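Written out below as structure tokens is the structure these notes cover.
The values are calculated or read from the model by the stated rules, or taken from the named source; none is laboratory data. On a predicted model such as this, the values are computed, not experimentally measured, just so you know. Don't worry about glycine lacking a Cβ; one is built from the backbone with ideal geometry, like all the others, and counts go over all protein chains shown. The accessibility values were calculated without ligands, DNA or RNA, using every heavy atom of the protein model including side chains. Shrake-Rupley method; radii C 1.70, N 1.55, O 1.52, S 1.80 Å.
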Amino acid sequence: MSERRDRVALAVMFTLAGMANGNWSGRIPWVQEALALGPGALGLALTAPGIGSILGAPVAARLVSRWGSRAVTTGAMCALAVATALVTLSPGLPALVGLLVLLGLSSGVGDIAANANGAEIERGHGRPVLSGLHAMWSVGALLGTATAGAVAAAGVPAPPHLAAVGVLTLAVAALTGRYLRAEPPVPRGAPVFAWPGRPVLLIGLIGLSSVFVEAAVANWGAILLIQEMAATPGVAALGFGVFSVALALARLGGDWLVARFDRVVLVRVSTGVGALGLAMLLLGGSVVTGFAGLVLLAAGVALPSPLAFSAAGSREQAHDRGRNVAAVAVLRFAGLLAGPALVGAVAQGAGLPAGFGLAGLALAVIAFLAHVLRVSRAT
């Protein structure tokens, strides 16, 4: 019963975070129109959540090390609820940027704390759970986006919509937090800040490479389908949806696979599947082949990211795990930023297929470093 309670409570937190993100993303056009923001001003504002996430990493490491991931996950989710409710009430660009920094900060801290809590569940119960938990974030994001679209189509302004989302998120998070798994107490005098060791940095590089591929598909996938496969804009827009659904489904089944097969072999096989999908995407020449390639590519990168958090959270002493998970989160965020920019830079000189081909290099890095994903059973 305790194991099921731990997993269900944390799955609710992941789903809530995804739903908050999806609802906010779906109301960005309303905010742009309400504040009369041009593309440049809106682009500036939308960098604020990323800045908040970066600022949140060292904060999360300290808080998780000192107070435990249960309390930090709950507190961060409550802060995310408040930020979600308030963000569309911004009277102008400066206030919007400030609230989006808060949104990114609370989201980043919550992401790190929730992954640390998931790693603690894995250690305590001896079975993988993080892949399925990451899938629940994706499910929540899809539900949130669909909700935002339906509410916007009904003509409901964003402030009451997101206020309702915030109140619901706050209530559910506060109720659910008490059922999250608690870690062992942190020893007195334990160091909170220290540079992660080489194994954790290599684990983080796997996370970076995995998110690099996801970001490349999110930002350039539709353009690739239009330019190379003559897809219409409407059909091309479905590409990322196909990739996202395939990613969520693969992660839903990921824990079952990890429990039955060696995770290093599993990751190397999956990256091979991803490489086949990338080849189909780049060389297939038809929309159907391109969509099939996106499905295989999603299967190829579904597991490395949650397994990176699992491996980082399993290493060293209990008070090190928040720091290790934070290090992986920061490197993943670097991949999120670097992916679109590097693909675009290469595409500028050598064409989009060559730029998108960098995803193949990322898959090779994952396969080469897969051995560091073995979990440690240190206490």
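Which of the residues that make up the range 259-268 are part of a helix (DSSP H, G or I), over 15 Å from Leu369 (Cβ atoms) and free of Cβ contacts under 8 Å to residues at least 40 places away in the same chain? Break it down into steps so the answer makes sense when it comes.
Here is the first cut: in the range 259-268, the residues part of a helix (DSSP H, G or I) are 259-260, 263-268.
If we keep only those that are over 15 Å from Leu369 (Cβ atoms) as well, we get 259-260.
Residue satisfying the conditions is Arg260 alone.
If Ala85 satisfies all but one of (1) farther than 21 Å from Leu142 by Cα; (2) assigned to a helix (DSSP H, G or I); (3) among the aliphatic types (A, V, I, L, M), what's the number of the condition it fails?
The number of the failed condition is (1).
Being surrounded by fewer than 22 Cβ atoms within 10 Å (Cβ to Cβ), charged (D, E, K, R) and within 22 Å of Ala11 (Cβ to Cβ) narrows it down to one of Arg251, Arg332, Arg260, so name that one. It would help to see each step written out before you state the result.
Working: Arg251 fails: surrounded by fewer than 22 Cβ atoms within 10 Å (Cβ to Cβ); Arg332 fails: surrounded by fewer than 22 Cβ atoms within 10 Å (Cβ to Cβ).
It is Arg260.
Return the pairs, sorted by first residue and then second, in which the second residue is modelled with pLDDT of 85 or more and not in a helix (DSSP H, G or I), the first residue lies in the range 56-77 and is among the basic types (Lys, Arg), the beta carbons are less than 8 Å apart, and the residues are 6+ apart or on different chains.
Arg70/Leu180; Arg70/Arg181
So how many residues does the range 69-83 have that are surrounded by fewer than 24 Cβ atoms within 10 Å (Cβ to Cβ) and closer than 14 Å to Arg323 by Cβ?
0
Just name the residue that is modelled with the highest pLDDT out of those in the range 126-140 that are open to solvent by 50 Å² or more (accessible area, probe 1.4 Å) and either closer than 13 Å to Asn21 by Cβ or in a helix (DSSP H, G or I) (or both).
Residue satisfying both the conditions and the ranking: Met136.
Only one residue in Val151, Val172 is of a type in the set (Val, Ile, Thr) and open to solvent by 40 Å² or more (accessible area, probe 1.4 Å). Which one? Write out each step before concluding.
On the way: Val151 fails: open to solvent by 40 Å² or more (accessible area, probe 1.4 Å).
Result: Val172 is the single residue among Val151, Val172 that is of a type in the set (Val, Ile, Thr) and open to solvent by 40 Å² or more (accessible area, probe 1.4 Å).
Every residue in the range 207-229 that is surrounded by fewer than 24 Cβ atoms within 10 Å (Cβ to Cβ) and of a type in the set (Phe, Trp, Tyr), please.
Correct list: Trp220 only.
Return a yes/no flag: does the range 2-16 have any residue that is at pLDDT 85 or above, surrounded by fewer than 19 Cβ atoms within 10 Å (Cβ to Cβ) and charged (D, E, K, R).
yes
Somewhere in the range 93-111, is a residue in contact with a Pro (Cβ under 8 Å, 6 or more places away or on another chain), touching a residue at least 12 places away in the same chain (Cβ under 8 Å), closer than 21 Å to Gly313 by Cβ and open to solvent by 40 Å² or more (accessible area, probe 1.4 Å)? Please lay out each step first, then the result.
Within the range 93-111, the first condition is being in contact with a Pro (Cβ under 8 Å, 6 or more places away or on another chain), and the residues that meet it are 100-101, 103-104, 107.
Subset that is touching a residue at least 12 places away in the same chain (Cβ under 8 Å): 100-101, 103-104, 107.
Now restrict to residues that are closer than 21 Å to Gly313 by Cβ: 107.
Now narrow it down to the ones that are open to solvent by 40 Å² or more (accessible area, probe 1.4 Å): 107.
Looking through the range 93-111, at least one residue is in contact with a Pro (Cβ under 8 Å, 6 or more places away or on another chain), touching a residue at least 12 places away in the same chain (Cβ under 8 Å), closer than 21 Å to Gly313 by Cβ and open to solvent by 40 Å² or more (accessible area, probe 1.4 Å).
Quick check on the range 38-56: of everything there that is open to solvent by less than 60 Å² (accessible area, probe 1.4 Å) and touching a Phe, Trp or Tyr at 6+ places or on another chain (Cβ under 8 Å), which residue is farthest from Leu10 (Cα to Cα)?
It comes out as Gly50.
Listed residues Leu281, Leu247; which is on the phi < 0 side of the Ramachandran plot, out of contact with any Phe, Trp or Tyr (no Cβ under 8 Å at 6 or more places or on another chain) and either free of Cβ contacts under 8 Å to residues at least 24 places away in the same chain or part of a helix (DSSP H, G or I) (or both)? Don't jump to the end; show me each part of the working.
Values: Leu281 fails: out of contact with any Phe, Trp or Tyr (no Cβ under 8 Å at 6 or more places or on another chain).
That would be Leu247, the only listed residue that is on the phi < 0 side of the Ramachandran plot, out of contact with any Phe, Trp or Tyr (no Cβ under 8 Å at 6 or more places or on another chain) and either free of Cβ contacts under 8 Å to residues at least 24 places away in the same chain or part of a helix (DSSP H, G or I) (or both).
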